[in-house]
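A.B. asks: Sharing a structure below in structure tokens format, with a few things to ask.
The values are calculated or read from the model by the stated rules, or taken from the named source; none is laboratory data. Computed from a prediction, not measured in an experiment: that's the story for all the values here. Positions of Cβ are backbone-derived with ideal geometry, glycine not excepted, and every protein chain shown enters the neighbour counts.
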Amino acid sequence: MDGGDYLERLVDPVLDAALEGLPAISLVGPRACGKTTSARRRAKQVVRLNKEAEAAAFAADPDAALARLEEPALLDEWQEVNPVLGAVKRSVDDDARAGRFILTGSVTIETDTDTWAATGRVTRVAMYPLTQREILGVASPLFVDRVLKADAVQLEGTADRLELFDYLGMAVRGGFPDAALKRSGLARELWLASYLEELLSRDAKRAGAGTAIDYARLNGYATALAASSAKVVDDATLRDSAHVDRRTAAGYDRRLEAVFFSERVPAWWSEKLTSLTALPKRYVVDASLMASLLRADVDAIAARPGLLGQVVDTFVASQLRPEAAVSGLRPALHHLRDKGGRHEVDILLDYGARGVVGIEVKASSAPSLADARHLCWLRDRLGDRFAAGVVLHTGPSAFRLSDKISAAPISAIWAA
């Protein structure tokens with residue numbers, strides 16, 4: 001099924017390959033990031049399980065209802081009728097032909113082992129909000145693949161001479177197709193505010209398996225988390241900021257990650273380095289949600305140096321995360337920081353046997369070797385394991401800073 005103009009997505013080749021070789025896939029990601037649109041193009045029949053009329057038969061007899069579908073069949077918002085997952089599992093057990101079912105969902109449901117019956121039958125594929133690469137329709141090799149052999153030539157930015165306020169505008173606009181492509185000004189602000197209200201009430205409640213939720217307190221915790229996006233913050237500091245206890249904070253973290261509002265990037269470790277912190281780095285998945293919760297426009301962000309750095313870092317992470325999810329090299333996102341805070345690397349891409357790449361993000365148009373000092377430190381300690389280091393900045397030029405370390409404009413991520 002297809003209709004209208006379609007913006008090619010990074011996940012498209014992964015979806016096609018999965019449907020050619022696997023019986024059932026679960027396309028997961030934030031609400032309104034484009035999952036249903038991409039899945040519909042590959043489905044012969046669509047069932048919207050968040051529509052009562054379409055869900056009724058599946059609630060009454062999911063096996064019989066499933067058997068009547070034309071395949072590939074899209075089961076949109078499957079978590080609205082939980083038993084459908086078991087029916088998919090049984091159907092795949094009986095017939096493991098490739099390309100039978102696509103399940104989409106915007107909430108990771110807390111289930112026990114009896115309910116979650118799809119392990120080994122339904123393969124998870126992650127999808128994220130739009131990147132600038134997708135918005136601009138750039139088809140060049142992925143940055144996370146190119147950066148393994150980083151040099152000034154490979155990391156040249158686009159012909160457009162972007163500067164700080166261009167990047168802040170992109171961050172505040174975000175990557176949700178409806179808001180980023182169809183709305184502007186006040187209309188976009190209202191859309192994002194409404195999105196957050198729905199996410200933090202209805203979706204977050206569902207993510208908690210129906211348990212009670214205090215919307216005001218969860219909203220406060222989400223706001224505190226947004227204020228800490230791209231920072232390494234211990235749990236106690238975040239709890240104190242939001243005025244919640246340990247148990248409540250842990251539950252809120254699970255809910256916010258289950259609805260794809262935020263994620264924790266784990267700390268990296270190596271036997272070659274000692275005294276590294278184990279604390280994760282928290283990110284709001286899309287910088288537009290961060291800006292909306294903090295009620296900060298471009299000018300307000302630019303006026304606060306600390307927040308400015310966080311927003312730019314959060315924006316860069318939102319460009320790299322979807323690439324890492326589809327790259328054949330399968331880099332894992334980490335951060336690095338020692339316990340004394342003397343050395344830290346904003347984003348570390350771990351390619352396993354291929355080595356690691358360190359990335360520093362600077363809201364500066366003219367980075368110097370001093371801005372790469374943590375990358376130099378990491379390079380000198382890891383030796384051959386260090387593949388490359390890059391200082392991503394808001395200026396126009398790419399250039400070499402030191403051995404294996406380059407500076408490049410943020411736009412190099414989606415450079416043609």
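A.B. asks: What number of residues in segment 74-107 are part of a helix (DSSP H, G or I) and under 24 Å from the mean Cα position of the chain (by Cα)? Break it down stepwise before answering.
C.D. replies: Looking only at segment 74-107, we keep the residues that are part of a helix (DSSP H, G or I), and these are 78-81, 83-94.
Of the ones still in play, those that are also under 24 Å from the mean Cα position of the chain (by Cα) are 78-80.
Qualifying residue count for the region: 3.
A.B. asks: Could you tell me which residue of segment 397-414 is surrounded by the fewest Cβ atoms within 10 Å (Cβ to Cβ), considering only residues that are outside any strand (DSSP E or B) and over 20 Å from the mean Cα position of the chain (by Cα)?
C.D. replies: Initially, segment 397-414 is screened for residues outside any strand (DSSP E or B), giving 397-398, 403-404, 410-414.
Restricting the remaining residues to those that are over 20 Å from the mean Cα position of the chain (by Cα) gives 397-398, 403-404.
Details: Ser397: 15, Ala398: 23, Asp403: 10, Lys404: 19.
Checked segment 397-414; the qualifying residue surrounded by the fewest Cβ atoms within 10 Å (Cβ to Cβ) is Asp403.
A.B. asks: Looking at Arg337, Arg342, Arg330, Arg321, which is the one that is basic (Lys, Arg) and part of a helix (DSSP H, G or I)? Step through it out loud before you land on a result.
C.D. replies: Numbers: Arg337 fails: part of a helix (DSSP H, G or I); Arg342 fails: part of a helix (DSSP H, G or I); Arg330 fails: part of a helix (DSSP H, G or I).
Checking each option against the conditions leaves just Arg321.
A.B. asks: Taking the condition among the aliphatic types (A, V, I, L, M), out of contact with any Lys or Arg (no Cβ under 7 Å at 6 or more places or on another chain), closer than 19 Å to Arg48 by Cα and not assigned by TED's automatic domain parsing to the domain that holds Glu263, does Leu74 pass?
C.D. replies: On the way: among the aliphatic types (A, V, I, L, M): yes; out of contact with any Lys or Arg (no Cβ under 7 Å at 6 or more places or on another chain): no; closer than 19 Å to Arg48 by Cα: yes; not assigned by TED's automatic domain parsing to the domain that holds Glu263: yes.
Taking the combined requirement at face value, the residue does not satisfy it.
A.B. asks: So how many residues does segment 377-396 have that are in contact with a Ser or Thr (Cβ under 6 Å, 6 or more places away or on another chain) and either closer than 21 Å to Asp338 by Cβ or surrounded by fewer than 19 Cβ atoms within 10 Å (Cβ to Cβ) (or both)?
C.D. replies: 1
A.B. asks: Could you tell me how many of the residues in segment 267-300 are in a loop (DSSP other than H, G, I, E, B), aliphatic (A, V, I, L, M) and either closer than 23 Å to Ala222 by Cβ or in contact with a Cys (Cβ under 6 Å, 6 or more places away or on another chain) (or both)?
C.D. replies: Just the residues of segment 267-300 that are in a loop (DSSP other than H, G, I, E, B), to begin with: 268-275, 277-280, 285-286, 295-297.
From what is left, the residues that are aliphatic (A, V, I, L, M) are 273, 278-279, 285, 296.
Restricting the remaining residues to those that are either closer than 23 Å to Ala222 by Cβ or in contact with a Cys (Cβ under 6 Å, 6 or more places away or on another chain) (or both) gives 279, 285, 296.
Residues in segment 267-300 being in a loop (DSSP other than H, G, I, E, B), aliphatic (A, V, I, L, M) and either closer than 23 Å to Ala222 by Cβ or in contact with a Cys (Cβ under 6 Å, 6 or more places away or on another chain) (or both): 3 in total.
A.B. asks: Continuing with this model, one more query. Tally up the residues in segment 27-46 that are buried (at least 22 other Cβ atoms within 10 Å of the Cβ) and assigned to a strand (DSSP E or B), please.
C.D. replies: Total satisfying the criteria: 1.
One line per residue, one yes/no per condition, for (1) among the basic types (Lys, Arg); (2) touching a Pro at 6+ places or on another chain (Cβ under 6 Å):
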position	(1), (2)
Val361	no, no
Ser365	no, no
Asp371	no, no
Leu382	no, no
Gly389	no, no
His393	no, yes
Arg400	yes, no
Ser406	no, no
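A.B. asks: Taking into account only those residues within segment 312-364 that are among the polar types (S, T, N, Q) and crowded, with 17+ Cβ neighbours inside 10 Å, which is nearest to the chain's Cα centre (by Cα)?
C.D. replies: Restricting to residues being among the polar types (S, T, N, Q) and crowded, with 17+ Cβ neighbours inside 10 Å, the top hit is Ser318.
A.B. asks: Follow-up question, since we're still on this one. Of all residues in segment 2-56, count the ones that are on the phi > 0 side of the Ramachandran plot and aliphatic (A, V, I, L, M).
C.D. replies: Qualifying residue count, segment 2-56: 1.
A.B. asks: Scan segment 86-117 residue by residue and report those that are at pLDDT below 95, of a type in the set (A, V, I, L, M) and buried (at least 20 other Cβ atoms within 10 Å of the Cβ).
C.D. replies: Matches in segment 86-117: Val107 only.
A.B. asks: Still on this structure: Could you tell me which residue of segment 123-165 is modelled with the lowest pLDDT, considering only residues that are within 21 Å of Ala39 (Cα to Cα) and part of a loop (DSSP other than H, G, I, E, B)?
C.D. replies: Ala139
A.B. asks: What helices (runs of 4 or more DSSP H), lying completely within segment 166-266, carry at least 1 residues that are in the same structural domain as Leu308 (by TED's automatic domain parsing), over 18 Å from the mean Cα position of the chain (by Cα) and crowded, with 16+ Cβ neighbours inside 10 Å? Write out each step before concluding.
C.D. replies: Values: elements: 177-182, 185-198, 204-207, 215-227, 235-242, 246-258.
In segment 166-266, the matching helices (runs of 4 or more DSSP H) lie at 185-198, 204-207, 215-227, 235-242, 246-258.
A.B. asks: Could I ask something else about it? May I ask you to list the residues in segment 1-25 that are of a type in the set (Gly, Ala, Ser) and either surrounded by 22 or more Cβ atoms within 10 Å (Cβ to Cβ) or under 24 Å from Ser140 (Cα atoms) (or both)?
C.D. replies: Ala17, Ala18, Ala24
A.B. asks: Picking from Ala59, Ala53, which residue would you name as being of a type in the set (A, V, I, L, M, F, W, C), in contact with a helix residue (DSSP H, G or I) (Cβ under 6 Å, 6 or more places away or on another chain), surrounded by fewer than 18 Cβ atoms within 10 Å (Cβ to Cβ) and not in a loop (DSSP other than H, G, I, E, B)? Even if it seems obvious, please write down each step before you answer.
C.D. replies: On the way: Ala53 fails: in contact with a helix residue (DSSP H, G or I) (Cβ under 6 Å, 6 or more places away or on another chain).
None of the others qualify; the one that does is Ala59.
A.B. asks: May I pose another question? Find the residue count for segment 7-33, including only residues that are within 28 Å of Ala193 (Cα to Cα) and touching an Asp or Glu at 6+ places or on another chain (Cβ under 9 Å).
C.D. replies: Of the residues in that region, 8 qualify.
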